[in-house]
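Take a look at the structure below.
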Amino acid sequence: DHMNAGETTDGEYLINPYYPSTWKKPFKVYCQFDTNKHIAWTLATSWRKDRNYMFQARSFAQNTAVESDMPSQMQDVYRMTLEQMEAIRTNSDIWRSSCNMQKDPQQDFVIAKFSEMDFISFSGGGTCKKMMKYDIRGKSCNDCNAPWWQSSDGYALHIDSGGDHCGTNGGVVQ
């Protein structure tokens, strides 16, 4: 874990979640650190809004990798392989997904704990799940519930930030 080794700079890192297995190679990821809370997250996917068609009907349970060895493509289109995401899940507590990922992203993202929302295996429609933080189309919350949809045969993981979901106006409970 790079944070436990003293890293505090956001950026690309080579990780080996398979260690001590020697037959699988390490891979590059993008990590961001919050040293005040002593947490770090790993970017699983990011895309420009005009590239959304690449993932619209593909759940995270499907292996739909794009530039998986190049997290530097996060401002264009990037998605880990299914195997990489599963390896991260077994070695990390927190994940992030972003649209138009920027160096200091302030909108169109979600951060959650795998224990509260496992985006890889989740399947459902309008299911309220706990988020650490999200900002979707200008609606944001911290430590709140949000409604999620994902199906392996029809639609990618997405959140609905409008309407009245999870028993609240706008889809959040704070």
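The values are calculated or read from the model by the stated rules, or taken from the named source; none is laboratory data. Just so it is clear, the structure is predicted and the values come from calculations on it, not from any experiment. Cβ atoms come from the backbone with ideal geometry, glycine included; neighbour counts cover every protein chain shown. Heads up: the accessible areas ignore ligands, DNA and RNA and are worked out on the full protein's heavy atoms, side chains in. Shrake-Rupley method; radii C 1.70, N 1.55, O 1.52, S 1.80 Å.
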Suppose we keep only residues that are part of a helix (DSSP H, G or I) and polar (S, T, N, Q) within the range 59-99. Which one would you say is surrounded by the fewest Cβ atoms within 10 Å (Cβ to Cβ)?
Thr90
Is it fair to say Lys113 is over 13 Å from the mean Cα position of the chain (by Cα) and charged (D, E, K, R)?
no
Residues of the range 25-53 being open to solvent by 50 Å² or more (accessible area, probe 1.4 Å) and within 17 Å of Glu83 (Cα to Cα), which ones?
Lys25, Pro26, Lys28
